[in-house]
Amino acid sequence: MATITAAPAVLGSHRAVRSAGSARPARATATAPRAAATKPQVRLTRRGRLVGAAALVLAVAALLLGAMAVLLGPMATPAAAGAAASHPAAATYVVQPGQTLWAIATAIAPNADPRETITTLREANNLTTSDVYAGQRLVIPALN
């Protein structure tokens, strides 16, 4: 019976085993040094992945809202559409510094009761109080 003995032959970092009766030596594979050839990789932490996902969700939501605003246009505000339908607008008035709703009501309808005109102005502009501020635009409805 023939016995085979193995003697390790070290080539590089791999071992090649050669049998005693073999005519050719075993093949060794060459390895390239890894440290010099690779670049360090960026790793995202759990917090980084969460922040990235949140930013993506916000961006998609903003795009959807923008698309809805463009597609729906004036239909997106039903309260303003209802106010405009019940009171056809004749003009827009810009409030000047120091003006009150009473002064505006007496200026736009000098012969009418200012209380009724104020009520009409508040309804047409969806105002909850009689407070107005400088630069505010008010819709002046057609008064009877």
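Every number in this text was worked out from the coordinates using simple rules, so none of it is lab data. For clarity, every value in this text was computed on a predicted model and none was experimentally measured. Please note: Cβ atoms are built from the backbone with ideal geometry, for glycine as well, and neighbour counts cover all protein chains shown.
Sorting Leu121, Leu143, Leu44 by the number of Cβ atoms found within 10 Å of their own Cβ, with the fewest placed first, yields Leu44, Leu143, Leu121.
Taking 7 Å steps out from each Cα toward its Cβ at Leu72 and Glu116 produces label points 3.7 nm apart.
Taking a spot 7 Å from the Cα of Thr100 along the direction of its beta carbon, which residues of the stretch 112-128 have an amide N less than 18 Å from it? It comes to 112-122, 128, nothing else.
Applying a DSSP loop filter and a limit of 11 other Cβ atoms within 10 Å to the chymotrypsin sites (Phe, Trp or Tyr not before Pro) in the stretch 87-144 leaves Tyr133. Shown is the FRET efficiency for Gln136 and Val51, computed with R0 = 41 Å from the Cβ-Cβ distance and rounded to the nearest 0.05: 0.55.
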